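The structure appears below as structure tokens.
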Amino acid sequence: MVTFEEFKKLEIKVAKIKDVQEHPNADKLYVLTIDLGEATKQIVAGIRLSYPDKSTLIGKQIAVVNNLEPAILRGIESQAMLLAASDENGISLLIPEKEVKTGSVIK
């Protein structure tokens with residue numbers, strides 16, 4: 001179990017996808033540049049098979065864990081983590097129901 005106090009430590013925000021590139025060392029990964037309002041970050045995400053046309057991702061608002069410790073994925077640094085759901089049909093990004101200000105906190 002995670003306590004409410006532990007959960008509150010997560011900084012979950014709305015980001016906008018600005019750029020998407022294929023990861024040079026992995027067929028299932030994209031390297032995304034995201035705008036958080038006050039900062040731009042890079043995310044490495046395993047969503048390539050579910051979103052084969054990377055142009056459909058540009059401009060989408062997504063939910064990200066902004067204060068996650070950076071990780072190196074197949075040689076490229078990921079500075080946050082996007083949130084998505086997955087089932088037997090693939091991966092679906094968690095997106096706001098309507099457009100909100102980039103950088104908005106998710107509570």
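Couple of notes before you dig in:
- LYS28 vs. criteria within 18 Å of SER104 (Cβ to Cβ), of a type in the set (Lys, Arg) and either more than 11 Å from the chain's Cα centre (by Cα) or not in a loop (DSSP other than H, G, I, E, B) (or both): no
- Selection count, the stretch 7-25, where residues are more than 13 Å from LEU73 (Cα to Cα) and assigned to a loop (DSSP other than H, G, I, E, B): 3
- Unmet criterion (only one of (1) in a strand (DSSP E or B); (2) surrounded by 17 or more Cβ atoms within 10 Å (Cβ to Cβ)) for ALA85: (2)
- A search for C-beta distances below 6 Å between a residue of the stretch 1-21 that is small (Gly, Ala, Ser) and any residue that is surrounded by 10 or more Cβ atoms within 10 Å (Cβ to Cβ), counting only pairs 6+ apart in sequence or on different chains, returns ALA15/ILE34; ALA15/LEU36; ALA15/ILE62; ALA15/VAL64.
- Against the numbered list (1) at pLDDT 95 or above; (2) in contact with a strand residue (DSSP E or B) (Cβ under 9 Å, 6 or more places away or on another chain); (3) surrounded by 10 or more Cβ atoms within 10 Å (Cβ to Cβ), ASN25 comes up short only at (1).
- Entry remark, the stretch 48-64: residues being of a type in the set (A, V, I, L, M, F, W, C), surrounded by 16 or more Cβ atoms within 10 Å (Cβ to Cβ) and either more than 16 Å from LYS16 (Cβ to Cβ) or at pLDDT below 95 (or both) number 0 in total.
The values are calculated or read from the model by the stated rules, or taken from the named source; none is laboratory data. The model shown is predicted, which means the values in this text are computed figures rather than measured ones. Using ideal geometry, Cβ is built from the backbone for each residue, glycine included, and neighbour counts are taken over all protein chains shown.
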